[in-house]
Amino acid sequence: MIVVKKTDEMKKKVLAWKKKGKTIGFVPTMGFLHKGHISLIKKARRENDIVAVSIFVNPIQFLPGEDFASYPRDFENDEKVCEREKIDVIFSPAATGIYPEGFSTFVEEKELSLPLCGRNRPGHFRGVTTVVLKLFNIIRPDTAYFGQKDAQQSLVIKKMVKDLDIPVKVKIVPTVRERDGLAMSSRNKYLSGEEREKAPAIYKSLKMAGEMVLKGERNAFKIKKRVEKTINSATGGEIDYIEIVCPVSLEALKRIESGALIAVAVKIGNARLIDNIIVKTPGKGIRKGKS
Ligand code: PAF
């Protein structure tokens, strides 16, 4: 495994692999790798000749006042994880390697980026699409891997790839959870012991929503109210949103007629946690595992 910090050097390596006809699988990350990242890496490892993992805490996807400075970082451990998973290259550029002085071009998806996390984090997805396109251009992957936990991010990136004819296949990998259901996230580190005990209620409330649909409830408002009540009473967290939307367009649904994405964002202590499940009405089968 090699660690590359310079963009030009990374491009040269990529060119050499391409010349040899190697396929490249790419897992973009902000580091502090956990089992969620590892499941993306393992899939990339199974499916490609070369696996590249980027570790870059992207400043432009954080809003002023958000946790850019305190975002957890542990490069030493990340290196060990990548070594263990037999990846070929960690690309870990400095901020100036990605955004050199005078950088003035940004990529903005203008529909799927607006609801859910986009509402209270304006500019966040613009930061994500800009860095991901830039990383795609440097690494030139055949396939890139993203987690379903960040459902909206995955959809926004897929849309960017489609709209801009970017020659990469985007694969979405199921959410990995702790034993008690809490979705794996680097931000779980911010939770105190007491908050950590409360946090699994987020997924419990989503599962309960899935069961309501399974039992015949179609009214999105009623389901949202139940989720809200559960999260409020079990976590005391600050709910950013609870949304029931079309899993393709992210348009809000009043009634769940076939499939829906039920997505939440909750701030517990210093951790803003997001999670989601996809539900299908009975007959079409509820994909409980595919959350
Ligand atoms: O999901 C993340 O960790 C980040 O948003 C990504 C895709 C690595 C872009 O910085």
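The values are calculated or read from the model by the stated rules, or taken from the named source; none is laboratory data. Quick caveat: nothing in here was measured; it's all calculated off a predicted structure. Counting neighbours? That spans all protein chains shown, and the Cβs are built from the backbone with ideal geometry, glycine included.
Annotations
- A single entry from ALA220, ALA263, ALA271 fulfils the requirement of being of a type in the set (A, V, I, L, M), under 29 Å from SER186 (Cβ atoms) and in contact with a Lys or Arg (Cβ under 6 Å, 6 or more places away or on another chain): ALA271.
- Answer residue from the range 226-259, given it is under 18 Å from the mean Cα position of the chain (by Cα) and of a type in the set (D, E, K, R) and is farthest from LEU273 (Cα to Cα) among those: GLU243
- Options LEU182, LEU135, LEU116; residue that is under 20 Å from VAL266 (Cα atoms), of a type in the set (A, V, I, L, M) and either touching a strand residue (DSSP E or B) at 6+ places or on another chain (Cβ under 6 Å) or modelled with pLDDT under 95 (or both): LEU116
- Residue count, the range 1-33 (criterion: within 30 Å of LYS189 (Cβ to Cβ), surrounded by fewer than 18 Cβ atoms within 10 Å (Cβ to Cβ) and not aliphatic (A, V, I, L, M)): 2
- In the range 128-145, the residues that are within 16 Å of ILE172 (Cβ to Cβ) and in contact (Cβ under 8 Å) with a residue 24 or more places away in the chain reach residues that are β-branched (Val, Ile, Thr) and near the ligand (Cβ under 10 Å from one of its atoms) with C-beta atoms within less than 6 angstrom, at least six apart or across chains, in these pairs: VAL132/ILE157; TYR145/VAL27.
- Selection of the range 186-210 for residues being of a type in the set (Lys, Arg), away from the ligand (no atom under 16 Å from the Cβ) and either buried (at least 19 other Cβ atoms within 10 Å of the Cβ) or in contact (Cβ under 8 Å) with a residue 24 or more places away in the chain (or both) yields LYS198, LYS204, LYS207.
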